[in-house]
Structures are given as C-alpha cells and as structure tokens.
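Only one structure is covered here, and it is reproduced in the block below.
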Amino acid sequence: MIEAALLGTSGMMPLPNRYLASFALRLNGKLLLIDCGEGTQVTHKLLGWGFRNIEVICFTHFHADHISGLAGLLLTIGNSEREEPVTLIGPAGLEFIVRSLLVIAPELPFDIEFIELAQGGDRFKHMSVSGFDISACLVNHGITCYAYSVQLDRQGKFDADRAKAQNIPVKLWSHLQKGEEVLYDGKVLTPDTVLGPARKGLKISYCTDTRPASYLADFVRDSDLFVCEGLYGEDDKLEKAASHRHMIFSEAARIAKDANAGELWLTHFSPAMTNPREFLPYARNIFPNSYTGYDRKNKTFRFSEE
Ligand SMILES: [Zn+2]
Ligand SMILES: [Zn+2]
C-alpha cells in the first residue's frame, strides 16, 4: 500500500487554510515529498506524518511557490534528530539554489544528496531512490519543469505447486516469495521459478505546473491517482491559463481520461478561486472521477484484489 496526501493546494500565493504546492507519499514508513512551497512544514505538521522519515524531496521547478518552504523544512527535519542523508531531486541548478537557501540553515545534522535532472537530456527519466521507484517527465511551463510518477510494483503470486514439483524445501519458500534468490543443492534458485506473472502494482502521478501535452497521458498512464494542476476552473479562463503556461480543470480532466487514471485530484488553485468545488463540473463532465484537492486531503491506495 501507499498513502498519498496533498499538503498544500494553492498556486502562486498561500491563503489562510490553503498552503502552497506540496504533496507527500508514504511507503513502508518512509516519506517522499514533491514540492515544498512556503508553509509546507506547518501543513505537514498538521498532517502528522512526522519529519524524521522524510527521505526524498522532488522539485517540479524553481518558481518560489514550489520551493520557498525548503529552508524551514530542512531545519525542522534537523530538529527531528535525523542524521541519515536526505535526497533532493530536481531540475539542473538544484544544488546551487539549495546551497544558497542553506546560508540561512547552515548547520543541519544530516547530509543532502542531490540528483539533478540533466538539462537537454531525455524527456523521461527513471530512478530508484530510498526504496521509491521514481519517474520524471519534462513538461511545458516556460522554465524547466518536471512531472513525477512513483510506482510500486507487485510481484506475481507464489505457486506452491511449482515449488513442490521442483522439490524446493518449504523452508526456502518464504525467501523466494519475498523475491530473494536462494542457494540450494549447489544451484541458485531465482524467484521467477516459483512466482507467477507480475500483477498490477500502484502508480501515483503528480503534475504541476504545465500546459497539456500529448506525452503527458502516456507518462501518467493507468495511474491509480493523478494529481494535476488546475489553476482556473472555468473553460473561459483558458486563454489566461495558457498565457501563464498553466491548465484549466477541463484540460486536467482530459489528460486523466486519456491516461485511464483511477482518480484525479485537482490542485494548485489560483488564489482568486476561493471555492474550487464550484467549478468541479467542468472536470467531471469529462472525467467523472475528478475531485478538487484541499490541504491534507489524503487516501491509502492498496493493491487490487486478485
Ligand atoms: Zn506554481
Ligand atoms: Zn510555476
């Protein structure tokens, strides 16, 4: 299972009760955050998932509403007595920007490891960091910006009949079941000898800020949860959204539909939009399983039953 929580749902400027962009995932007790707008540590504290286990923070881009909360958050992680390194992932220039912010947070008790997504490289990148299987996709926002997906694979079912047929002792079954190789009778046994085909895992995608693009549906294909920006709700705000390289609700819903997503959570609302729910029909007309996000909206996603 994997838990997902919107920490902040405001774009550009925070409001009372609506912090700036940030999203959290929890997997096996470890946390991955995407974006860290001003106030992220306050809303994270309210969510109650703790600071000590924040392993990875990914950045979509370097507009202030997505990174201005980082220095304070790192200080608070430091106060949680964390000593293990924290990995930061983001566009090229990440280390320079973070080192600049660290001038006001100079004495952290942990190291920071940087993964910069190379400029001019491939549109899609994949990496495995601290137990998280992370993909990044370059999007279209005027400055370098990435969408992210986190995937949790699920191995095939253990086939006891196959194990018996190969005379594999029962005491080795649990290792193979966990995906480990074992040595038996001078031979290496691999899990694929006793496991069925891989089953559908979980995928959670997060995409802000960008204009729609044809490759986005492929990138977020079959996501159980697709979190996507909707700076404005109404269709007649399209021109305004496009001029700022953002989306309206119906554009996000179109991507969710094309991608066969499980559900869509809209986020990154314009501060002028005081009640995003009012505009939800613009999304639901296209993709019925659309929801407007709100700070600390969260849900646990589990593997589907066989
Ligand atoms: Zn933004
Ligand atoms: Zn932006």
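Scanning region 198-216 for residues that are surrounded by fewer than 24 Cβ atoms within 10 Å (Cβ to Cβ) and within 16 Å of ligand 2 (Cβ to nearest atom), which turns out farthest from GLU239 (Cα to Cα)?
Across region 198-216, the extreme among qualifying residues is ALA213.
Output the residues belonging to region 103-116 that are surrounded by 12 or more Cβ atoms within 10 Å (Cβ to Cβ) and at pLDDT 95 or above.
LEU108, PRO109, PHE110, ILE112, GLU113, PHE114, ILE115, GLU116 - these are the residues of region 103-116 that are surrounded by 12 or more Cβ atoms within 10 Å (Cβ to Cβ) and at pLDDT 95 or above.
How many of the residues in region 266-306 are under 18 Å from ALA241 (Cβ atoms) and in a strand (DSSP E or B)?
Residues that pass the stated criteria total 5.
Can you find even one residue in region 248-255 that is free of Cβ contacts under 8 Å to residues at least 60 places away in the same chain, hydrophobic (A, V, I, L, M, F, W, C) and closer than 30 Å to GLY50 by Cβ?
The answer is no, given that none of the residues of region 248-255 is free of Cβ contacts under 8 Å to residues at least 60 places away in the same chain, hydrophobic (A, V, I, L, M, F, W, C) and closer than 30 Å to GLY50 by Cβ.
Mind checking which residues of region 188-228 are of a type in the set (Asp, Glu) and away from ligand 1 (no atom under 16 Å from the Cβ)?
The answer is ASP192, ASP218, ASP222, ASP224.
Hand me the list of strands (runs of 3 or more DSSP E) wholly inside region 1-97 holding 3 or more residues that are more than 21 Å from LEU117 (Cβ to Cβ) and either more than 14 Å from ligand 2 (Cβ to nearest atom) or under 17 Å from the mean Cα position of the chain (by Cα) (or both).
Because the criterion is at least 3 residues that are more than 21 Å from LEU117 (Cβ to Cβ) and either more than 14 Å from ligand 2 (Cβ to nearest atom) or under 17 Å from the mean Cα position of the chain (by Cα) (or both), the strands (runs of 3 or more DSSP E) in region 1-97 that meet it are 2-8.
Step by step: first the residues of region 281-295, then only those that are in contact (Cβ under 8 Å) with a residue 40 or more places away in the chain and either under 25 Å from SER214 (Cβ atoms) or among the hydrophobic types (A, V, I, L, M, F, W, C) (or both), then the one that is surrounded by the most Cβ atoms within 10 Å (Cβ to Cβ). Which residue is that?
Going through the qualifying residues, I end up with ALA283.
Would you confirm whether or not region 80-101 contains a residue that is acidic (Asp, Glu) and within 16 Å of ligand 1 (Cβ to nearest atom)?
No; the residues of region 80-101 include none that is acidic (Asp, Glu) and within 16 Å of ligand 1 (Cβ to nearest atom).
Taking strands (runs of 3 or more DSSP E) that do not extend beyond region 175-244, which have at least 2 residues that are polar (S, T, N, Q)?
none
Sort out which residues of region 242-261 are closer than 10 Å to ARG221 by Cα and surrounded by fewer than 24 Cβ atoms within 10 Å (Cβ to Cβ), and write them in order of number.
Correct list: LYS257, ASP258, ALA259, ASN260.
Determine whether TYR148 is within 24 Å of ILE89 (Cβ to Cβ), within 16 Å of ligand 2 (Cβ to nearest atom) and surrounded by 12 or more Cβ atoms within 10 Å (Cβ to Cβ).
Taking the combined requirement at face value, the residue satisfies it.
Kindly indicate whether SER270 is under 22 Å from SER10 (Cβ atoms), within 16 Å of ligand 1 (Cβ to nearest atom), of a type outside the set (A, V, I, L, M) and without any contact (Cβ under 8 Å) to a residue 24 or more places away in the chain.
no
Please list, ordered by first then second residue, the pairs with beta carbon atoms under 6 Å, 6 or more apart or interchain, first in region 39-59 and modelled with pLDDT of 95 or more, second part of a helix (DSSP H, G or I) and surrounded by 17 or more Cβ atoms within 10 Å (Cβ to Cβ).
THR40/LEU73; GLN41/GLY72; GLN41/LEU73; GLN41/THR76; PHE51/THR76; PHE51/ILE77; ILE54/ILE77
Is there a residue being touching a residue at least 60 places away in the same chain (Cβ under 8 Å), basic (Lys, Arg), within 16 Å of ligand 1 (Cβ to nearest atom) and within 27 Å of MET12 (Cβ to Cβ) anywhere in region 229-240?
Checking region 229-240: not a single residue is touching a residue at least 60 places away in the same chain (Cβ under 8 Å), basic (Lys, Arg), within 16 Å of ligand 1 (Cβ to nearest atom) and within 27 Å of MET12 (Cβ to Cβ).
Could you grab me the full set of residues in region 217-235 that are in contact with a helix residue (DSSP H, G or I) (Cβ under 7 Å, 6 or more places away or on another chain), surrounded by fewer than 22 Cβ atoms within 10 Å (Cβ to Cβ) and of a type in the set (D, E, K, R)?
Within region 217-235, GLU234, ASP235 meet the criteria.
The values are calculated or read from the model by the stated rules, or taken from the named source; none is laboratory data. For clarity, every value in this text was computed on a predicted model and none was experimentally measured. We place every Cβ from the backbone using ideal geometry, glycine too, and count neighbours over all the protein chains shown.
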